[in-house]
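J.: Have a look at this one.
Derivation of every value follows stated rules applied to the coordinates shown; laboratory data play no part. Keep in mind that this is a model prediction, so the values were computed, not measured. Counting neighbours? That spans all protein chains shown, and the Cβs are built from the backbone with ideal geometry, glycine included.
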Amino acid sequence: MTLLTHPETWITDHEIPVGTWSTDFVNFVKNNFQGFFDGLSNVLGFLLDGTTSILHAVPALLLIVIFAALTYVFKKSWRMALFVFLALLFILNQGYWDRTLETISLIVYATLACMAIGVPIGIAAAHRPALYRVLRPVLDMMQTLPTFVYLIPTLVLFGLGSVPGLISAIVFVVPTPIRLTYIGISNVPRPLIEAGQAFGASPTELLWKVEIPAALPTILAGLTQVIMLSLSMVVIAALVGAGGLGEPVVEAMETVQIGKGFTSGLAIVIVAVILDRVFRPSQESTNA
Amino acid sequence: MSFAAKFEAVDILFPGSADRGARGRMTMALAELDAGKTRNDIIGSTGIVVGAADVNLEVEQGEIFVLMGLSGSGKTTVLRALNGLNTISRGRITIRHGDELVDMSNPPPATLRRLRNQAVSMVFQQFALLPWRTVRRNVELGLELRKMKPAEMRASVDQWLDRVGLLQWADKHASELSGGMQQRVGLARALVTNPDILLMDEPFSALDPLIRNKLQDELLQLQRTVQKTIIFVTHDLDEALKIGNRIAIMKDGRVIQVGKPEDIVLRPATDYVAEFVAHMNPLTAIRAASLMRPIGALRAPDGAHHFNDNQDYALHLDNSGQLIALHRDGAAAPFHQPQPGVRCPQGSTGIVTGQHLLKDIVEIRQQTTRPVLVADNGRIVGCIGTTEILDALTQAGRADYRDNTAATN
Ligand SMILES: Nc1ncnc2c1ncn2[C@@H]1O[C@H](COP(=O)(O)OP(=O)(O)O)[C@@H](O)[C@H]1O
Ligand SMILES: [Mg+2]
């Protein structure tokens, strides 16, 4: 059988082993850096599960009151604090309290990690156009790649549990703070930069005293988006055993339980609304 | 008097893109510049913009030196070379910082930062205040970058806020202030570091005319006490003449004339400068000393000085030139020194200084209905009648007027 006589058969017979290569690559990474991934997995797992356990240790009603009080402190609004109080009571009533705590831990760590990784990379990219040219297609790919594609290697490297859920959330979410920080820092008005320079600021001083404060509204807008995007990963995270509010959704789907599907979905929406209201920058702080 | 800043054969070229051929293009552009090619030729053949070419200037300590020219003539380019916001392609810039002379031609970063922080500060056209900071925190910027503690800088910051009249606004955000007030903050921010040289790039252009005028007056008032070396950029000849001790006129990146305001007005070096002068407002630009008829031209056979066309006035001066008596039609006539804001008595001749502006003289002439005398330290040096005023108003900047006044000046 030759290329000339049966071209189609020839082409399918000579499959380029892309799949094998990627398997080999993931295995290579696993075999050679197992220690690193195990270590990372242990640390992250300890933090995540530890935080969940601490939250568990607090009586649910007390925690609900604390959350409502924090809302009041941040937002100075009785109505919003009351809303948070009632909404969380409803979640408790529907039996999703423990799941909600797991989800909160996941969101907290995903957000911290994304901001800690994303903001410095965004700043570096804004200062180095060449870096951004390389970065942009990578970020595009991270956001367009179906989540399941990188869920599998994450599973292989980190095993089942909360950690692969966190890692997948980070991969999906981190392009957002990178992009928004990049935009914020790149758009600092030229005269402000020059004012800083003209008074003798070093590059580091310029960053802390001019660029970051000027870009702060954009960076904070990124923070809000990061929180919401992390929440959007809860169902995916549940598929790899991360627990949380995604788990009842997945169960309801597998066993076709309409009621459970609806209530667990509602719980996710409630958490989303709370986070959005509490963390969206108020009009006042965006203007300042 | 020693210089505060000196430019020696400075060229500033903007390479545009920093690609691989940039260096080669730069060498070529410099060669073309030396060969006498124009800016347009050079941008056509190399893509390089000549921001400033062959600039030679010496700015004296304590003077207000104005860079004047149309938009794109290179004023900002030259100004920004003094604090390293623009790097120079060739030549040398030296500034005096305290007792030391510092070479500002592309110094190492640490030196540059020190000089920016201590020797040269800047006021920006669009104010460039940090909008998230309060007025006080904006003024603190330079001192904060010196790593000074807030408590240490408080006194000098508040003193400057007071001097620009904004102490009550100290805790407001910069963005809550009007344009004029914001620029006062800009001025306080620049002066609180006690710099050797203050750079001002069209600082008042963004303000409406009334406020602009007020800030010009405030700057002149301030300068009387601080005596800074100020380099001031403007595209407005009236502003240049009002503010400047000396003016450099720029065109296409080159300095085409440097001189005192009256040199620029009365002896424009080229037709280009003359064209500018023809469009200025003579009322606020020409001073008594330049438009008066000098006393020497007035001596009459009887030993008295007759200073009007009808010869009906006579001045009697003592040996040192002081006015002893004034006669009109043979009878003694009154005279006085006009005070700002006080109406002159009708019929009494006003005696002004050489610094009085044409607009003041017109007003005095109007109120007294008499010619105006010009005195220098009590010595009568000239007179101004209707003829001189009309000449100045209608002919300032014209070649024949220039030649006449220049001859007697
Ligand atoms: N950073 C720059 N890069 C390229 N060209 C510049 C730059 N800055 C100024 N120029 C050019 O240099 C010339 C002089 O500009 P400038 O000094 O700003 O003029 P002015 O202040 O007198 O209006 C202009 O043609 C301008 O386009
Ligand atoms: Mg300019």
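J.: With the calculation restricted to Cα positions, what are the radius of gyration and Dmax of the range A:15-76 in angstrom?
T.: In Å, with Rg to one decimal and Dmax whole: 21.7, 64.
J.: For the range A:45-287, what is the convex hull volume of the alpha-carbon atoms per residue, in Å³?
T.: 144
J.: Let me have the 222 nm mean residue ellipticity of the protein assembly as shown computed from DSSP H runs of 4+ only, each contributing -39500 (n - 2.57), with the sum over all residues rounded to the nearest 500.
T.: Helix-only estimate at 222 nm: -17500 deg cm²/dmol.
J.: Right, here's the next one. Only Cα pairs within less than 10 Å get springs; with that Gaussian network setup on chain A, which residue of A:LYS30, A:LYS209, A:LYS75 has the largest fluctuation?
T.: In the Gaussian network model the winner is A:LYS209.
J.: Still on this structure: Starting from the Cα of B:LYS251, draw a straight line to each of the lysines and keep only those under 30 Å, dropping any in the same chain fewer than 8 residues away.
T.: Of all the lysines, those that pass the test against B:LYS251 - Cα under 30 Å, at least 8 places apart if same chain - are B:LYS6, B:LYS37, B:LYS75, B:LYS214, B:LYS228, B:LYS242, B:LYS260, B:LYS359.
J.: Right, another one. Choose one answer from B:ALA52, B:ALA289, B:ALA314: the residue with the largest mean-square fluctuation in a GNM of chain B with alpha-carbon springs under 10 Å.
T.: B:ALA314
J.: How shielded is A:199-210 by partner chains, expressed as the average number of their Cβ atoms within 10 Å of its Cβ atoms?
T.: Taking all residues of A:199-210 together, the mean is 5.
J.: Provide the packing ranking of B:387-394, B:342-349, B:43-50, i.e. peptides ordered by the mean count of other C-beta atoms within 10 Å per residue, highest first.
T.: B:43-50, B:387-394, B:342-349
J.: If you don't mind, there's one more thing I want to ask. Can you give me the angle between helix B:399-408 and the longest principal axis of chain B, using Cα atoms only, in degrees from 0 to 90, rounded to the nearest 10?
T.: With both axes taken from Cα atoms, the answer is about 70 degrees.
J.: Go through the range B:54-66 residue by residue and turn each phi into a ³J(HN,Hα) via Karplus (6.51, -1.76, 1.60, θ = phi - 60°); whole Hz please, and just put x for glycine and proline.
T.: Whole-Hz 3J(HN,Hα) from phi for the range B:54-66: 6, 8, 10, 9, 10, 9, 7, 5, x, 9, 9, 9, 9.
J.: Relative to the first principal axis of the alpha-carbon coordinates of chain B, what is the inclination of helix B:150-163, with its axis defined by its Cα atoms, in degrees from 0 to 90 and to the nearest 10?
T.: Result, in degrees: 30.
J.: While we're looking at this one, here's another question. Looking at chain A, do any whole DSSP H helices span at least 27 angstrom along their long axis by alpha carbon and average 1.0 or above on Kyte-Doolittle, and which?
T.: Sorted by number, the helices that extend far enough and score high enough are A:97-127, A:212-231, A:258-279.
J.: How many Å³ per residue does the convex hull of the Cα positions in the protein assembly as shown occupy?
T.: Numbers: hull volume 182.4 nm³, N = 697.
That works out to 262 Å³ per residue.
J.: Here's another thing I want to ask about it. Please provide three numbers in whole Å: the alpha-carbon extents of the range B:43-195 along the principal axes, with the largest listed first.
T.: Computed over the Cα atoms, the extents are 54, 35, 27 Å.
J.: Still on this structure, I have one more. If each of A:PHE74 and B:THR225 carries a label point 7 Å out from its Cα toward its Cβ, how far apart are those two points in nm?
T.: 5.0
J.: Per-residue counts of other Cβ atoms within 10 Å, averaged by peptide: what ranking do you get for B:328-337, A:193-202, B:88-97, B:142-151, highest first?
T.: Working: B:328-337: 11.6, A:193-202: 21.6, B:88-97: 19.0, B:142-151: 15.0.
Highest-to-lowest ranking by the protection proxy: A:193-202, B:88-97, B:142-151, B:328-337.
J.: Still on this structure, please answer the following. Using a Gaussian network model on chain B with a 10 Å cutoff between Cα atoms, which of B:THR353, B:THR270, B:THR225 fluctuates the most?
T.: Most flexible of the set in this elastic network: B:THR225.
J.: Per-residue Cβ counts within 10 Å, from other chains only, averaged over A:188-198: what number is that? Before the final figure, lay out each step's value.
T.: Details: counts 0, 3, 2, 6, 6, 1, 6, 13, 5, 7, 16.
Counting other chains' Cβ atoms within 10 Å and averaging over A:188-198 gives 6.
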